[in-house]
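Worksheet: one structure, shown below.
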Amino acid sequence: MRMLVTGGAGFIGANFVHQTLREHPEFSVVVLDALTYAGNEASLAPVRDDIEFVHGSVADAELVDRLVGRSDVVVHFAAESHNDNSLRDPSPFLQTNIVGTFTLLEAVRKHGVRYHHISTDEVYGDLELDDPAKFTPETPYNPSSPYSSTKAGSDLLVRAWVRSFGIHATISNCSNNYGPYQHVEKFIPRQVTNVLSGLRPKLYGAGENVRDWIHVDDHNSAVHAILDRGRSGETYLIGAEGEKNNREVLGLILELTGQPADAFDSVTDRVGHDLRYAIDATKLRTELGWTPRYTDFRDGLAATIDWYRANEAWWRPLKDGVEATYAAQGQ
Ligand code: NAD
Ligand code: TDX
């Protein structure tokens, strides 16, 4: 089986490639990645000799046509992925998330190749803090940010290509991931590397916003379950009952790194900041028999902190630039 993985030098994509080579030897893997600020070939170093790496964009129709034409399955992770960046400059989000997905869909249609689309729970907008409801595959789309609206648009393109052209595709919408190789712009790595750099962690607003945390390896094992047993045209929500507010997560980071509980700064809140995300993964669990392995968030977080401690060479070159950009916005 020849698998094309887009965005394989990013956080989730790199972990997916590692897991695929470890647990699914039937796949030979080609990675297509543009190596934007978020892509890092070093994340693929442990598997570099076992994959083919192609440096290029998912919006390059000629390249995509050639690569899809020699694949049996495409798993599409590549995206502009950070909400705060999309608030500063939405344009690359339109180009990669919408035009890039369109480009892949046209190639998949032409060559009759199986396609899996990686998306986010943010397409559903947000929930109230005291609402017992969770997102289900039937929840109406209601995205809040330029990032989530372009992901929502890309999901709708996939659904239309399934209905109009009969392509063989599945979609997954996952909650917030944590684990190794996550860019230091994101919440957990930013706070961990702040502590490791002698800087104070930065909490947006009152920190009451809730995210539904899942370990990246659990996200990726769910993607493999969908590739293996998912029904064509279906959407699967991926989540692992990991709801926590940002204050709680930061409190755990401070505790696990031996810092006082009040050793953080409250900074300017994100505009349009989604309050709460929560995933109902019943369909994935009952139809496909998937279960998460990382059910203890504290253990998973401690292992993630250890990874950042042990891999300073991976994140240190990114740190000053990210902090300077945040500082310019009072964050
Ligand atoms: P990331 O920003 O860490 O990685 C994105 C990767 O895509 C990078 O390697 C980058 O170089 C590459 N890329 C960007 N533009 C490209 C282009 N035009 N052509 C080819 N490659 C390009 O992102 P991530 O956190 O690993 O997210 C991966 C996917 O998972 C995204 O589709 C995202 O929407 C989705 N997702 C992320 C989360 C999360 O918590 N991080 C949760 C749910 C869904
Ligand atoms: O310094 C910070 N302080 C802070 O309080 C940062 C960077 C974030 N936050 C808050 C904002 C969010 O409520 O932490 C929460 C998580 O923030 P991010 O890591 O930026 O993630 P989020 O905006 O929730 O989006 C993530 O999950 C869904 C991914 O970045 C998306 O790609 C994915 O689709």
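Apply the Karplus curve 6.51 cos²θ - 1.76 cosθ + 1.60, θ = phi - 60°, to the phi angles in segment 147-162 and return the couplings in whole Hz, x for Gly and Pro.
4, 5, 5, 6, 5, 4, x, 5, 4, 5, 4, 4, 4, 5, 5, 5
So how tilted is helix 312-327 from the main axis of the chain? Cα-based, degrees 0 to 90, rounded to 10.
Rounded to the nearest ten degrees, it is 70.
Are there any GluC sites (Glu not before Pro) in segment 114-181 that are in a DSSP loop and have at most 12 other Cβ atoms within 10 Å? List them by number.
Counting only loop positions with at most 12 other Cβ atoms within 10 Å, the GluC sites (Glu not before Pro) in segment 114-181 are 128, 138.
According to a simple spin-label model (label point 7 Å from Cα along Cα-to-Cβ), what is the distance in nm between residue 325 and residue 312?
Output for this residue pair reads 2.4 nm.
Counting Lys +1, Arg +1, Asp -1, Glu -1, what net charge surrounds residue 67 among other residues with beta carbon under 11 Å of its beta carbon?
With Lys, Arg at +1 and Asp, Glu at -1, the neighbours total -1.
Looking at the chain only, what percent of DSSP beta bridges run antiparallel? Nearest 5 please.
10
Under a GNM of the chain (C-alpha, springs under 10 Å), which listed residue has the highest mean-square fluctuation: 132, 143, 292?
Sorting by GNM fluctuation, first place goes to 132.
Please give the helix 246-256 orientation as an angle from the longest Cα principal axis of the chain, in degrees from 0 to 90, rounded to the nearest 10.
For helix 246-256, the angle is close to 70 degrees.
Using a Gaussian network model on the chain with a 10 Å cutoff between Cα atoms, which of 228, 33, 130 fluctuates the most?
Answer for the Gaussian network model of the chain: 130.
Counting only Cα atoms, I'd like the Rg/Rh figure for segment 10-165, Kirkwood definition for Rh.
0.98
Once segment 236-316 is represented by equal point scatterers at the alpha-carbon sites, with solvent omitted, what log10 I(q)/I(0) does the Debye formula produce at q = 0.11, 0.27 Å⁻¹?
Cα-only, vacuum Debye calculation for segment 236-316: -0.46, -1.23.
I want to verify a result. In a Gaussian network model of the chain, Cα cutoff 10 Å, which of these has the top mean-square fluctuation: 62, 185, 234?
62
If you fit an axis through the alpha-carbon atoms of helix 187-196 and take the longest principal axis of the Cα set of the chain, what angle between them do you get, 0 to 90°, nearest 10?
Here the helix axis deviates by roughly 50 degrees.
Coordinate-derived values only; no laboratory data. Source: prediction; values computed, not measured. Reconstructed Cβ throughout: ideal geometry from the backbone, glycine too, with neighbour counts over all protein chains shown.
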